[in-house]
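Throughout, read-outs are computed from the coordinates displayed, never taken from laboratory work. Predicted model only: the values in this text are computed from it and were never measured. Backbone-built Cβ (ideal geometry, glycine too); neighbour counts: all protein chains shown.
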């Protein structure tokens, strides 16, 4: 079997400015954040980002990387909206393509199946059709004659997802309760990348969880990057939950230009190892501050 | 003002039973409920008059019974795996009854959770349309608005996320086939669309609220019947469940003040 292991730098080198890039996960859950941070450090620009959006969209927008965002929502889960995405929308600095969650799923599925669209009731009557004037409806060729939305394939130049375990050949294992739509992001993309908490031997995959957790096959994978803590600060259960303290710090910093500059300097202007060290130190500082407050 | 400490029924408790009524008579469907009063309403219904209702754990599973608010994951009895991708099978099959929240709702039942102001450059970007467009044309949907005002009850929402009656009718039979906006529950009353032109109607006011207050807090011409009912009292069993089983910490009274 081919060894598909890459470094984060080699992953970024596979991408080009102007690409349409799908990002797996959901909201602030199991996002390939190490890959996002690697894109932030690169000179890539003018991207179309396709995502069940979380801080991936917010961070890329804040760095001016995003020309177009394609999404059904952008949320931090425990905090309803991402501050950078809000700012980008409210200042009109990115183009927004907003779809219903189910339409979005069908767009990925259509791309995975190499068909131009899939029909759905979802979207009919809503402003999704008004704000995306290129969307069309299609009439059933059968006796029912129903008129449905023709959700176009969301074809991706590249996709990246984050999983708990993978082998070097690109079989991936998701140990958390929800695989979301990660398999479809890979299926919809020309170049497919999986970041993982840990690369393990193939025989350790089935030993590590039920067969259903082995839901990413190497048929869907071109590159594997080992990134321990690579979903931080989003949740990657059972390896770790969302770092709520850090997420709050992210949101607070976004509200003030000086604070954001300091946040960027400390957490984003460093390489991935530096990020992991800095966020652990930040967690210790928050714990110390809490202890001091309780002691006072 | 009454509150649960002196035995009086709080406004939040009226809201919870009004939300429970959303689930009456539906049998074995998946209940999804956003907000504290809807979460309590679905649980109340499950434990009383809608025993076949199927509740979720808020993550990726269906649960047995009706766990209290904030129950630890370890305490839940799981019935079935329900990851997001499978949720859409349920949505599109129609076997779901949902209470969503609405940043704006309008006279014909359109809901907005996407953005306030012009689309190209909104005054406020909200969470996004989420599943609202698909939910509303596939299964019964109701709304919960804990802050009834002329800012939330508007003549026309800025971005139609959830589809109301007029928009569904204009989109044609495929949009109306499974469309039902059952109730809108707010902190002031309960509303439905039982009017000839499917305009929003005041169905009941919560005890302690006047019809004038509701009309004044609504940014469009609400249909007001000659006799407006009061939202029903919780039964003693429902009150007991709310106060001692489902929400002993009183989260409901933080969402809606009496």
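General observations
- Normalised by the number of residues in chain B, the average gap of Cα pairs under 8 Å and 6 or more apart makes the relative contact order 21 percent.
- DSSP beta bridges in segment A:131-247 [antiparallel fraction, %, rounded to 5]: 40 percent
- Antiparallel bridges, percent of DSSP beta bridges restricted to the protein assembly as shown (to nearest 5): 35 percent
- For chain B, calculated [θ]222 nm from helices alone, where every DSSP H run of n ≥ 4 adds -39500 (n - 2.57): -6500 deg cm²/dmol
- Cα long-axis angle, helix A:101-113 against chain A (0 to 90 degrees, to the nearest 10): 70 degrees
- Chain B: most fluctuating residue of B:111, B:125, B:156 per GNM, C-alpha cutoff 10 Å: B:125
- Angle between chain A longest axis and helix A:272-295 axis [Cα atoms, degrees, rounded to 10]: 60 degrees
- Antiparallel DSSP beta bridges within segment B:4-251, as percent of all bridges there, nearest 5: 45 percent
- Peptides A:41-52, B:238-249 ranked from most to least packed, by the mean per-residue count of other Cβ atoms within 10 Å: A:41-52, B:238-249.
- Rounded to whole Å, the principal axis extents of the Cα atoms in segment B:4-251 read 45, 45, 34, largest first.
- Span from the segment A:146-222 Cα centroid across to the segment A:41-119 one, whole angstrom: 19 Å
- Volume per residue of the C-alpha convex hull in the protein assembly as shown, rounded to whole Å³: 168 Å³
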